[in-house]
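> Questions regarding the structure given below will be posed in turn.
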Amino acid sequence: MPQSEYDLFFREIGQGKPYFSEGNQVTKFKVKQYSTLPKAALMDAQGHIIIILLETATGVSWPAPDNAWPYADVLKQRWKQQKDKDDLTPLITDLPNASGSHVTLACVKPDISAFDLLSLARKLCSAHLSYNPSEIMLLLPGLDKVPEGVTTSRIMEAIVAALMAGIFAMPSFKSKPPKPKRLAALHVYGVVGVDLERTFAEAEGNNLARYLTSLPPNELTPALYRQRIAELAEQHGWNMHFFDSKALRRQKAGAFLAVAQGSADDDAGIVQLCYHPPKARVAAKAVTKRRLSLVGKGICYDTGGNNLKPAKSMFGMHEDMEGSAVALGTLLALTRLKVDFSVHCWLALAQNHIGPKAYKQNDVVTASNGVTIEIVHTDAEGRMVLADTLVMASAERPDLIVDYATLTGTCVYALGTRYSGAFTNRDALVFDVIEAGRNSGERVWPFPTDSDYDKELESEIADVKQCVLAGEADHILAARFLSRFVQESVPWLHIDLAAGNHKGGLAHIPTDVSGFGVRFTLNLVLDRKVLGIARQKN
């Protein structure tokens, strides 16, 4: 009998449709755990099987003949015969039984990194998901007694995360819709008691971020985006406030409004969403008074403005709102986990259009904190909408602000699209940021933010230049620019999402759009517990 069972319900948003599909889709996924290994008859009845073994200094942990699980001897022989054997290449084969059970088998080392484990999990799962099965069996023989390092929970978590990403239906507007994904159950043998609540929450947050980012720009204008957000807010009990152009003019948010003024539709603005811990936790006094603020760049389409992008660079610019989608997905994941601290989410929603009213080079505008900005390049709009949004977020003096943005090409040039860049005004956070990236599998790398970079942004007519035309270290200059809009007393982390889109997928994510940032942030906040240390000044 199953020792535990977990259900994942995909929620619906937007015009009564599920956000994971424009049609029918599996709405329930179960993970059942069994302490024993299956008998031969049970394996023979299963069409899809994943097996993971441990590889130590003494070799692969194959069972002794008198304690073997079904077909262990056959798979051992085939594993030895496989030519291309390495840590990330699984064996893919069929069992010699009547059903021809499709098997993927891998051996993992105790020190395997989170990124490599997630990448391996995707390979193991994709070989089965291509058949669109209704259920999969996972065997973890001998992994109940593993040495320090990799654990059964880590391995199982990686498999479930890969399955959640793999069965998720991304937006499709084809006249003939894709077949619904059928996978409804994962049966895990050899382990019980693994808690998957966080894995499900992270997966749902990531799926939301990827889905929204992939919507075509005519389906996700700022107005349509706000409608979807409002439905999410109602479902999850978030307080929602929208600062429209009139409200932003009253706040003298000239940096944001400069970008928004080029759009023919007056639908741009800043959304604030607030999660508060459940009343039960407040009553039990388990709630903390700490607050996390999430800020996301939500440019729903970026033409470049008057400094118009060429066609190759403009194609795909509907993804320039990914930062806001990651912030929203992170809020969703933290809400699912009912964290004991408040979370405020700020989304800067606008489009960067070209037109007679669009802002232009050499304009001087004033942000809501009084800083005057000389416009140098209209395609550096992301830092403009973030400027006023960060002013509003930091005015609440949270324990930490994390902002997400597909901000600069120079960060991609520096790191490629496998890592994202990190910038912070607290040296004490740097180690935790690196470790959170390593442990979550969403890898980040910190860049310097020394004040002498400010010399490049000195303006003869305003307090600061928006950017420079030469493009030297623009990712660092962008971070230095943004730092002017965060109160010095507020800890702040800026994530430049270079890994927001990686061709062929990244780690356990099978799509180019990665939704990078949800797992990283939960690790940073829940495991590294940075809300307790971030207040330390440099």
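> Does R122 qualify as being at negative phi, in a loop (DSSP other than H, G, I, E, B) and either of a type in the set (K, R) or modelled with pLDDT of 90 or more (or both)?
No; evaluated as a whole, the condition is false for this residue.
> Keeping to region 407-459, report how many residues are farther than 26 Å from L117 by Cα, acidic (D, E) and touching a residue at least 60 places away in the same chain (Cβ under 8 Å).
1
> May I ask you to list the residues in region 188-200 that are part of a helix (DSSP H, G or I) and surrounded by fewer than 21 Cβ atoms within 10 Å (Cβ to Cβ)?
Hits for region 188-200 are E197, R198.
> Can you pull out every residue in region 93-119 that is in a loop (DSSP other than H, G, I, E, B) and either among the polar types (S, T, N, Q) or touching a Phe, Trp or Tyr at 6+ places or on another chain (Cβ under 6 Å) (or both)?
Within region 93-119, L95, N97, S99, S101, S113 meet the criteria.
> Another question, then. I need the full set of residues from region 125-136 which are without any contact (Cβ under 8 Å) to a residue 60 or more places away in the chain, surrounded by fewer than 19 Cβ atoms within 10 Å (Cβ to Cβ) and in a helix (DSSP H, G or I), in order please.
A127
> Take the residues in region 125-162 that are on the phi > 0 side of the Ramachandran plot and small (G, A, S); name whichever of them is modelled with the lowest pLDDT.
Filtering region 125-162 for residues that are on the phi > 0 side of the Ramachandran plot and small (G, A, S), the one modelled with the lowest pLDDT comes out as G149.
> Within region 316-415, considering only strands (runs of 3 or more DSSP E) that don't extend past its boundaries, which have at least 2 residues that are buried (at least 21 other Cβ atoms within 10 Å of the Cβ)?
342-352, 400-405
> If you take the residues of region 148-177 that are assigned to a loop (DSSP other than H, G, I, E, B), within 17 Å of N439 (Cβ to Cβ) and not small (G, A, S), which of them is farthest from the chain's Cα centre (by Cα)?
E148
> May I ask you to say which residue of F431, F447 is farther than 19 Å from V490 by Cβ, touching a Cys at 6+ places or on another chain (Cβ under 9 Å) and among the aromatic types (F, W, Y)?
Just one listed residue meets the conditions, F447.
> Right, another one. Return the residues of region 192-226 that are touching a strand residue (DSSP E or B) at 6+ places or on another chain (Cβ under 6 Å), β-branched (V, I, T) and at pLDDT below 95; say none if nothing qualifies.
Passing the criteria: only V192.
> Which of the residues spanning region 255-272 are small (G, A, S) and surrounded by fewer than 24 Cβ atoms within 10 Å (Cβ to Cβ)?
Residues satisfying the conditions are G262, S263, A264.
> Select from region 452-507 the residues that are in a helix (DSSP H, G or I) and of a type in the set (D, E) and write down the one among them that is surrounded by the fewest Cβ atoms within 10 Å (Cβ to Cβ).
D452
The values are calculated or read from the model by the stated rules, or taken from the named source; none is laboratory data. On a predicted model such as this, the values are computed, not experimentally measured, just so you know. We place every Cβ from the backbone using ideal geometry, glycine too, and count neighbours over all the protein chains shown.
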